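Chemist: Quick one: the structure is below, questions incoming.
The values are calculated or read from the model by the stated rules, or taken from the named source; none is laboratory data. Remember, it's a predicted structure, so these values are computed and weren't measured experimentally. Methodologically, a virtual Cβ is constructed for each residue, glycine included, from the backbone with ideal geometry; neighbour enumeration extends over all protein chains shown.
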Amino acid sequence: MFKILIIEDDLTIAQSLQTELQKWQYDAQYVTDFNAIMEKFTAWEPQLVLIDIRLPYFNGYYWCTEIRKVSQVPIIFISSQSERMDIVMAIQMGADDFISKPFDLSVAIAKIQALLRRTYDFKESDPFLSYQNIYLKPAEMKLQYQDEEAELTKTEMKILEQLFLHKDEFVTREEIMVNLWENESFVDDNTLAVNIARLRKKLAGIGLEKFIVTKKGYGYGLKKEG
């Protein structure tokens, strides 16, 4: 389980991020003592840091510099100070990404997941994903159901991979599009709809009709049994 440290002075935002991250099976904690940020970082050893610019005592730029002295852990700034120079400063201090406040939690989660994927190669220990005796094989770009297999394009595989990873809930269209964008598949809402329609037709050809279900005005999920 990935450990994510939240360094955020606004307790409401810190708690909202923690709750949402925990829904996605991340171990998220937020800093409560802003005089002991490095002590918390060193003791807990997170795999990713979310940090605001405006903090008590020293700002986020300072703490980003301090973290970079001892670690190359990925860092995402989350701040309402989102002028061009603020973003440039964050990147120059060692940040990997920047999310402007106010932000959509689903888009923030998608950006966090994309950065974790780029930083940590965890697919080697996960050669396939399964759901109700249906197997997704990312390395082979195939989906297997009973004795049938569907060959997938890169975009189709990335869509299904995200749905399989979050098989008990719906994934927003925005999360899927951000994931595809991060993987160099540049899509908008219309292109995503076309890919979903094509993928549904392909899956119906191996006996998986209506396997991808739509939650109107939100996104997509996998069909539940019963």
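Chemist: Only one of Ala110, Ala95, Ala114 is touching a helix residue (DSSP H, G or I) at 6+ places or on another chain (Cβ under 8 Å) and assigned to a loop (DSSP other than H, G, I, E, B); which?
Modeler: Values: Ala110 fails: assigned to a loop (DSSP other than H, G, I, E, B); Ala114 fails: assigned to a loop (DSSP other than H, G, I, E, B).
On inspection, the qualifying residue turns out to be Ala95.
Chemist: It is to be established whether one or more residues within region 25-35 are under 21 Å from Ile67 (Cα atoms), among the small types (Gly, Ala, Ser) and loosely packed, with under 13 Cβ neighbours inside 10 Å.
Modeler: No: region 25-35 contains no residue that is under 21 Å from Ile67 (Cα atoms), among the small types (Gly, Ala, Ser) and loosely packed, with under 13 Cβ neighbours inside 10 Å.
Chemist: Report yes if some residue within region 36-50 is in a helix (DSSP H, G or I), under 22 Å from Leu165 (Cα atoms) and of a type in the set (Lys, Arg); otherwise report no.
Modeler: Restricting attention to region 36-50, the residues satisfying the condition of being in a helix (DSSP H, G or I) are 37-44.
Then drop every residue that is not under 22 Å from Leu165 (Cα atoms), which leaves none.
No: zero hits.
Chemist: Which condition does Val171 not pass, out of (1) closer than 30 Å to Phe77 by Cα; (2) outside the structural domain of Gln72 (by TED's automatic domain parsing); (3) surrounded by fewer than 19 Cβ atoms within 10 Å (Cβ to Cβ), if it passes all the others?
Modeler: (3)
Chemist: For region 47-91, name all the residues that are surrounded by fewer than 18 Cβ atoms within 10 Å (Cβ to Cβ), in contact with a strand residue (DSSP E or B) (Cβ under 6 Å, 6 or more places away or on another chain) and farther than 16 Å from Leu116 by Cβ.
Modeler: The answer is Ser82, Ile87.
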